[in-house]
Each structure stands twice: as structure tokens, then as C-alpha cells.
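Following: one structure in C-alpha cells, then a few remarks.
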Amino acid sequence: RADIAMFRAKELGGDNYKFYTHAMREQLGERVQMESALRQALERREFVLYYQPQVDIGSGRIVGMEALIRWQHPEMGMVAPGRFIPVAEETGMILQMGAWVLRSACQQLRTWQCEGRRNLRVAVNVSARQMAERDFVGSVADVLREAGLDPDCLELELTESLVMNDVEHAIAVMHQLKKLGVKLAIDDFGTGYSSLAHLKRFTVDVLKIDQAFVRDLTVDPDDAAIVTTIIALAANLNLQVISEGVETLDQLSFLREHGCYQMQGYYFSRPVPATAFGAVLDENEARLAAGERVPLGVA
Ligand code: C2E
Ligand code: MG
Ligand code: MG
Ligand code: MG
């Protein structure tokens, strides 16, 4: 891609050429720098996983959690994934990073299970590059075996754009993952480019409603229409549905009234480190024991 840009810059001639090559060299330099910073971060164990509970509103119980990566940078402090995942994708570092995330999340869940915390599943985000890897399914199987985890405790979150990258390959991989026994979710559902015809062929278990639709759910009739349509679509296709980005009781009530019983969002808890997640689970148990059906926010 750099070559093409260089060629175009040359066509413009003169000062433009210098300007473009300089800007590009800088950009390239930044990317190389970021790549080596990410590589170092892996070696120095600067990445941590945060966990955010997924709640079943019917029972009031935390039924799982999504693992979300954070970069604990020695100078910059806690860096959100939005700032480094795109670079990790571009440079290919996402492969090592993704493998680390998958292994860590599975081991962590196994640890919680051994502490007697049952009936929990962990959701892990998967990038397009991982999906395209030669033996992605084999590596998932290895991680599960090494962690001693039941495949149905693992949910992989795929995005529509990931799947649309190479539909036929993605569908083949989804079939293999299903055969392995892991659960599959379409993340940020409704924001991508997949068609309903494709959705029919995806062997997914869960549609995850994007927070962009949930945000103004109670004030924007268009968002309300989109959300109720996704809930109905999931029901008609026999899929589970979960909403992300639930922040208020009004949003919760709307979703419940319209048949979405699984939710994730700041209303329940922000993503927290593994050490703090145990307390979130304990509090959920305590509230249920006290007879509370809807666990109130702890954010
Ligand atoms: P996502 O998978 O859609 O994750 C949900 C994001 O929404 C998370 O942001 C979460 O902290 C945030 N969130 C949760 N509840 C609420 C809420 O009530 N309100 C608002 N405003 N936000 C909420 P986060 O952790 O910054 O992650 C951003 C994105 O980065 C993720 O979006 C995912 O696409 C990507 N990501 C995170 N961890 C990983 C990873 O391990 N691997 C890969 N490939 N991508 C990851
Ligand atoms: Mg996700
Ligand atoms: Mg999402
Ligand atoms: Mg999202």
C-alpha cells in the first residue's frame, strides 16, 4: 500500500513527492514503533484482562463475563483497546495478543470454577486475522484442553466485518468451532455489513446488540425499532440475544419488556480486573440470596 501511495505522490511531482514520502515515512515509523512496543508489552506482561459480567435478568444471575484487554503501560497508564487493537491488527501482533487473551481467559475461568463458581461462561473477542489463521480451530481446542475447560463454557465473539472478510472461509471455521462445542456470538450486531441471507448460514448461538442502538433506546424511536427488530429476529431464528452498553434502569426495563433477558453494561458493573470480579460475583450471590431479582448497579 505504501508503494502505491509513493507512486501517486511521484505523479504529483516536486514538493508533493517530498511531502508525501516524509509523512509516510513518519507514519511507517510510528507503526514499527508501536509494533515493537506491543511485542515488548507481551514479553513484559503489561497486558491484563478485565472482566465485565453478563446478567440474565430472568434469574438475576451473572451467567458469564466478557474478557476485555487493557494495556497497563509503565508511563501512559491504562490504555484502552481502541487505541492499540487497530495497530495490533495492522501489524499482525493481534495473533500473539489474541492467543494470549484466549489462554488467559480460559485459565481464569478454570480457576474460578475450581473455586466453586459454577455455571459461568467466558466471552472472548476474536479478530479477523485470528479467524484467518491456518489452524485457529486447532489452537482453540489446544487452549481448552490445556485449561481443562468444557468447550461450551467458551463463547467467541465475532464481528460481522470479520465474517464478511471471507464469508466462505468464516462459515467453514464457524462450523468447525461448533463441532468443537464452543459457542459463537455476533458482536456489535447491526453495525456491520452482513446480510440476512448470510446470517442464515452462520452457525452462531447469540446476537449481541451493539451499544450504539441501546444508548438512546428510550428516547429515539428509530433505535427502539431497530432493537425490537433484532430481538424478534433472534427469537425467530432461535438465537439468544444479549444487549451491550446497558447503563440505566429505563434501558433495562425496555429490553426486558421486549424480550431481551441477557444484558451487559455499566448498569451492572464496569469491566473490572479478575481479582475484583470475584467480589462482583459474591455480591450478585448475596443479592440473590436476599431475594433481589434485579441486581442493582455496582458501577
Ligand atoms: P466490544 O467487544 O463491543 O466490547 C464492549 C465495549 O463496551 C468495551 O469497551 C466495554 O468496556 C464497553 N462497555 C461495556 N458496558 C458499557 C456501557 O454500559 N456503556 C459504555 N459506554 N460502554 C460500555 P473496551 O473494553 O474499551 O473495548 C472496546 C473494543 O475493543 C471491544 O468492543 C472489542 O471490539 C475490542 N477488544 C477488547 N478486548 C479485545 C480482545 O481481547 N481482542 C480483540 N480482538 N478485541 C478486543
Ligand atoms: Mg465483544
Ligand atoms: Mg460488542
Ligand atoms: Mg461494541
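When ALA185 is tested against (1) in contact with an Asp or Glu (Cβ under 7 Å, 6 or more places away or on another chain); (2) over 26 Å from ARG118 (Cα atoms), only condition (2) is not met.
For region 200-229, a tally of residues being assigned to a helix (DSSP H, G or I) and either open to solvent by less than 10 Å² (accessible area, probe 1.4 Å) or acidic (Asp, Glu) (or both) returns 4. Applying the criterion of being within 14 Å of ligand 1 (Cβ to nearest atom) and open to solvent by 10 Å² or more (accessible area, probe 1.4 Å) to the residues of region 48-61, the residue that is nearest to TYR261 (Cα to Cα) is GLN52. Is one or more of the residues making up region 3-12 basic (Lys, Arg) and either surrounded by 12 or more Cβ atoms within 10 Å (Cβ to Cβ) or at pLDDT below 65 (or both)? Yes, there is a match, as at least one residue in region 3-12 is basic (Lys, Arg) and either surrounded by 12 or more Cβ atoms within 10 Å (Cβ to Cβ) or at pLDDT below 65 (or both).
Please verify whether GLY192 is touching a residue at least 12 places away in the same chain (Cβ under 8 Å), over 23 Å from ALA128 (Cβ atoms) and open to solvent by less than 40 Å² (accessible area, probe 1.4 Å), treating the condition exactly as stated. So GLY192 does not fit the description; no. Which residues, taken from region 150-162, are open to solvent by 10 Å² or more (accessible area, probe 1.4 Å) and more than 16 Å from ligand 4 (Cβ to nearest atom)? Result: ASP150, PRO151, ASP152, CYS153. Could you tell me which residue of region 178-212 is farthest from GLU247 (Cα to Cα), considering only residues that are β-branched (Val, Ile, Thr) and within 16 Å of ligand 1 (Cβ to nearest atom)? Across region 178-212, the extreme among qualifying residues is VAL182.
Scanning region 163-186 for residues that are within 16 Å of ligand 2 (Cβ to nearest atom) and open to solvent by 10 Å² or more (accessible area, probe 1.4 Å) turns up just one, LYS183.
The values are calculated or read from the model by the stated rules, or taken from the named source; none is laboratory data. Worth saying up front: this structure is predicted, and the values here are computed from it rather than measured. As a convention, Cβ positions derive from the backbone with ideal geometry for all residues, glycine included, and neighbour counts pool all protein chains shown. Heavy atoms of the whole protein, side chains included, go into the accessibility calculation; ligands, DNA and RNA do not. Shrake-Rupley method; radii C 1.70, N 1.55, O 1.52, S 1.80 Å.
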